[in-house]
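Computed from the coordinates by the stated procedures, all read-outs in this text should not be read as laboratory data. Treat the numbers as computed from the prediction; the structure is a model and nothing was measured. Note that we place each Cβ from the backbone using ideal geometry, even for glycine, and neighbour counts take in every protein chain shown.
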Amino acid sequence: MLILTSCSKKDDENPEETNSVTITGREYSTVTIGNQIWTSVNYNGNGGTNFDNTATNDATYGKLYTWEEAKAVQLPSGWRLPTKADFETLLLHLGGTKDGNNVVEGNAAVNLKLKSKTGWLLTQGNNSSGFNAFPAGRMSSWDSNDYLYKGEGADFWSSTPAGSANYYNYFSVSNWIEEGTTYDEATLDGQRNDMRFSIRFVKDK
């Protein structure tokens, strides 16, 4: 008896089949990218605020959290708030660039792989990575706690200190126009821990 089997190549353009993980009583879809497993939707659990601090919650956007709130989320075994190194690994896997030992950015092609297929004001992504970065914006503690950049930016906390007291690294996927120039970037930077960003979680494959 001859049994025929077929194999399908898993790559960035065809992310592995999505599964899920339960965090604080809610189920979140996950995707395998390289040697990492990521949640592929924004966290929407306890605490946090909705964009513009509205009472109505849209699970597509999830909530925005301070760093302290992000660190306090109780996670299943193996899962963690990403480190800066986790985001660097993600960027490099998708084609990001380095300057010496530092991962510096993902270009427009990398952004297309990261960005969700809907929600962006300018150019939608193709989400070929499965990461599904959705532009929920942020709350800026620098700007009188204003809510900014919905449709233009997806910002995610890391657990890694950024070198100054109460500053932590975060990962930003953004697409906006300034003075006639279009920017399409994926970058790592540091911000105060009282900013409010989206949250994703990761575990090793």
Table column - 3J(HN,Hα) (Hz), the range 170-181, Karplus curve with 6.51, -1.76, 1.60, x for Gly and Pro: 9, 10, 10, 10, 9, 8, 8, 10, 9, 6, x, 9
What are the lysines whose alpha-carbon lies under 22 Å from the alpha-carbon of K150, with same-chain residues fewer than 8 places away excluded? K63, K113, K115, K117
Relative counts (whole %) of C-alpha pair distances in the range 25-204, using bins that are 10 Å wide: 10, 41, 39, 9, 0
Using amide H atoms built in the peptide plane, which far-off residues or other-chain residues are under 5 Å from S20 H to H? T30
With each pseudo-label sitting 7 Å past Cα toward Cβ, what's the E105-S20 distance in nm, one decimal? 3.8
Out of residues 5 or more away from K115 or on other chains, whose amide H comes under 5 Å of its own, with H placed 1.01 Å from N in the peptide plane? N126, N127, A133
From the phi of every residue in the range 66-83, what ³J(HN,Hα) in whole Hz does the Karplus formula 6.51 cos²θ - 1.76 cosθ + 1.60 yield, where θ is phi - 60° and glycine or proline is x? 6, 4, 4, 5, 4, 5, 7, 5, 7, 10, x, 3, x, 8, 8, 5, x, 7
With axes computed from alpha carbons, what is the tilt in degrees of helix 84-94 against the longest principal axis of the chain, rounded to the nearest 10 within 0 to 90? 50
Percent breakdown of C-alpha pair distances by 10 Å bin, ordered from the shortest bin, for the range 110-205: 16, 46, 32, 6, 0
HN-Hα J in Hz across the range 137-152 - Karplus 6.51, -1.76, 1.60, θ = phi - 60°, x for Gly and Pro: x, 8, 10, 9, 6, 7, 10, 6, 6, 6, 9, 9, 6, 4, x, 10
The relative contact order of the range 25-204, taking Cα pairs under 8 Å that sit 6 or more residues apart, comes to a percentage of 27
Within the range 179-194, what residues put their amide N at less than 18 Å from the label point 7 Å along the Cα-to-Cβ vector of S164? 188-194
Determine the shape class of the range 77-123: with a ≥ b ≥ c the square roots of the Cα gyration tensor eigenvalues, call it rounded for a/c under 1.5, and otherwise prolate if a/b is greater than b/c, oblate otherwise. oblate
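Let me know the whole percent of all Cα-Cα pairs from the range 46-87 that are separated by more than 12 Å.
On the way: 578 of 861 pairs.
Distances greater than 12 Å cover 67 percent of the Cα pairs.
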